[in-house]
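Everything on this sheet refers to the single structure shown next.
The values are calculated or read from the model by the stated rules, or taken from the named source; none is laboratory data. Every value quoted in this text rests on a predicted model; they were computed, and no experiment measured them. Methodologically, a virtual Cβ is constructed for each residue, glycine included, from the backbone with ideal geometry; neighbour enumeration extends over all protein chains shown.
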């Protein structure tokens, strides 16, 4: 598969939020302000990329030779949890200012389905290492793009008169629906 | 009087403390797999089983786990249970397994399960933890069932249920005449709209209850 196509389709066409509904929890939780959306987006790109590449190596380097493929779920989630913890400690020690900005998002990433989903998807689709790398940048980049667009819309929404029952999250889902309609028209791109 | 109060209590528990529409936990799966009621029931049962078992195990080891690493311990417990449940589903109901796809594995990161392990089972004995798991699991199942009912009826016009073990149809009922169904609701955007409307309904009910209790105190 063409690498560029893979990147674009991971980022825009099969956008993980709007077409696969993965990573909805942080999407709804952190998308109220542009700054936090950017912070969360960058953290997710970094963690997804490293965790996917590491779990790809672990799967083909350790689990397949030992015929322990069925352990992939447990291995991957442990790897992700440990990696996030490690990144948190590393940033805390080396760059306190970055830690202040990202600090609250890092623990949240462990339970972000996007990280686990990309790691598992790379294995299910039988991607090679290069394809895994491209896919693990494209998909979280799409996540970040959505998060940023969404947070700007929600910032504008704050002063508006929304029916009382729809205040907060319900109206955000309506916006997500409209964005999903817009993005579904991109499916003819590749 | 007390009977009415109890009934209200149950309704409140189901609606206001609803994990999906009230607390917005576990949204991913509730949006993705609710295209028909078969999937919703299957997913609901799988999540409930994992939730109850993980509550039991977490509650059993709660005094043995060091505080610093409790999250990894819980995650390993949950991942083990999900692997087992996934294998059982794959073995006995292959059609359900292919319909739910990656979302079976993603039960691991379903916030409801880790949330209950952290907030309830890690501090309570086994008995109440089982009860908590069952009640949370049932209200999750009912929520995704409600979503899938709306989406299936509006999207295909047919209400049907089939046996996941044999794929034989149990019943099938056409509610909307052919040509008048709205395929819109089978798509992604339909899922978002359905979710928004149901969540708004729950929040309207919540506002209503709050207003009523305010009037009551005055």
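Okay, here's what the table says:
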item	result
Answer from B:81, B:100 - the residue that is within 14 Å of another protein chain (Cβ to nearest Cβ), in contact with a helix residue (DSSP H, G or I) (Cβ under 9 Å, 6 or more places away or on another chain) and more than 19 Å from residue B:135 (Cβ to Cβ)	B:100
Complete set of residues in region B:60-78 that are within 12 Å of chain A (Cβ to nearest Cβ) and at pLDDT 85 or above	B:73, B:74, B:75, B:76, B:77, B:78
Residue under evaluation residue B:56, criteria (1) modelled with pLDDT under 90; (2) more than 14 Å from chain A (Cβ to nearest Cβ); (3) surrounded by fewer than 20 Cβ atoms within 10 Å (Cβ to Cβ), criterion not met	(1)
Single residue of region A:124-174 satisfying the filter (within 19 Å of the chain's Cα centre (by Cα) and facing chain B (nearest Cβ under 9 Å)) that is surrounded by the fewest Cβ atoms within 10 Å (Cβ to Cβ)	A:124
Test: residue in region A:47-59 that is more than 16 Å from residue A:127 (Cα to Cα) and either out of contact with any helix residue (DSSP H, G or I) (no Cβ under 6 Å at 6 or more places or on another chain) or in contact (Cβ under 8 Å) with a residue 40 or more places away in the chain (or both)	yes
Members of region B:84-118 found to be free of Cβ contacts under 8 Å to residues at least 12 places away in the same chain and surrounded by fewer than 20 Cβ atoms within 10 Å (Cβ to Cβ), listed by number	B:84, B:87, B:88, B:90, B:91, B:94, B:97, B:98, B:101, B:102
Hey, residue A:29 at the interface with chain B (Cβ under 10 Å from one of its Cβ atoms) and either in contact with a strand residue (DSSP E or B) (Cβ under 6 Å, 6 or more places away or on another chain) or outside any loop (DSSP other than H, G, I, E, B) (or both) or not	yes
Answer residue from region B:25-64, given it is in contact (Cβ under 8 Å) with a residue 24 or more places away in the chain and not in a helix (DSSP H, G or I) and is farthest from the chain's Cα centre (by Cα) among those	B:62
